[in-house]
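The values are calculated or read from the model by the stated rules, or taken from the named source; none is laboratory data. Computed from a predicted model, the values in this text were never measured in an experiment. We place every Cβ from the backbone using ideal geometry, glycine too, and count neighbours over all the protein chains shown.
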Amino acid sequence: METVYFFDPEIISLFIRLSIAHMAGDFVFQKKTWIINRQEKKWRSPYLYLNAAIVSLLSWVLSGYHFVWIIPLFIFIAHLLTDLFKSYAPDTIRVFVADQALHLIATMAALIFYLPFIGQGYSCCDMLFANIALWIYTAAYLAVLWPMGIVIALLTRQWQTESNQPEGLKDAGRYIGMLERLLILTFIFVNQFSAIGFLIAAKSILRFGDIRESNNRKGAEYILLGTMISFSAAIFTGILAQGLMSLY
């Protein structure tokens, strides 16, 4: 039997694809109303099972080993139990981190279960599944667009009321944050680091001009905090993705 190493490109690619399945299922395809319904009805919520099924299906599709069904079933059960646990816990950053850590452990367990099938060949689309750069880029963009927005909101929520900001367009702040992280990540991938500095300066001028006129120091500090967390997270993700791609 051929020896399999954990830093083998095929294993790393599989881990990234399973992580993409989790991020897409939990943050892209899951609606906020599903989460609210799950928190209210707990195990009786149909969305608890629907979300786990979506993650499991995406894991099966993105694994490339479509002749294996028992591991996606394990992912379904693990995801279901983890989200059920979360439905009984308060909506805090600690609970969110614990929830994501449990999902990561389940993903790593699924990866270990897949090891006997590594090297047997994909069910289809060999060039697609073997393209590790594609999956690294996809995972990086997914991470900065969706999960990071939730983390930033949870980290800064304690200062939101105190900041006393005027009401703006609905969800405008969330989309602005997504766009700025999207741009920063793209600038890193095309080695245009000077453009990141320009973006930071431009946003600072625009946002602080509005805050200064209202003499709202707390609001300025709140915006600065959220902006710096958002920029730092996007830059760190870009550098990490670039470093990972340089290994392969």
Notebook entry, point to check: Hey, among the residues in the range 171-205 that are farther than 20 Å from THR138 by Cα and of a type in the set (Ser, Thr, Tyr), which one's surrounded by the most Cβ atoms within 10 Å (Cβ to Cβ)?
Noted result: SER204
Notebook entry, point to check: Residues LEU183, LEU145: which one is of a type in the set (A, V, I, L, M) and under 23 Å from ALA53 (Cα atoms)?
Noted result: LEU145
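This table checks each residue for (1) closer than 30 Å to GLU10 by Cβ; (2) assigned to a loop (DSSP other than H, G, I, E, B); (3) among the aromatic types (Phe, Trp, Tyr); (4) at pLDDT below 75.
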{"residue": "ILE176", "(1), (2), (3), (4)": "no, no, no, no"}
{"residue": "LEU183", "(1), (2), (3), (4)": "no, no, no, no"}
{"residue": "GLY209", "(1), (2), (3), (4)": "no, no, no, yes"}
{"residue": "ARG212", "(1), (2), (3), (4)": "no, no, no, yes"}
{"residue": "SER230", "(1), (2), (3), (4)": "no, no, no, no"}
{"residue": "THR237", "(1), (2), (3), (4)": "yes, no, no, no"}
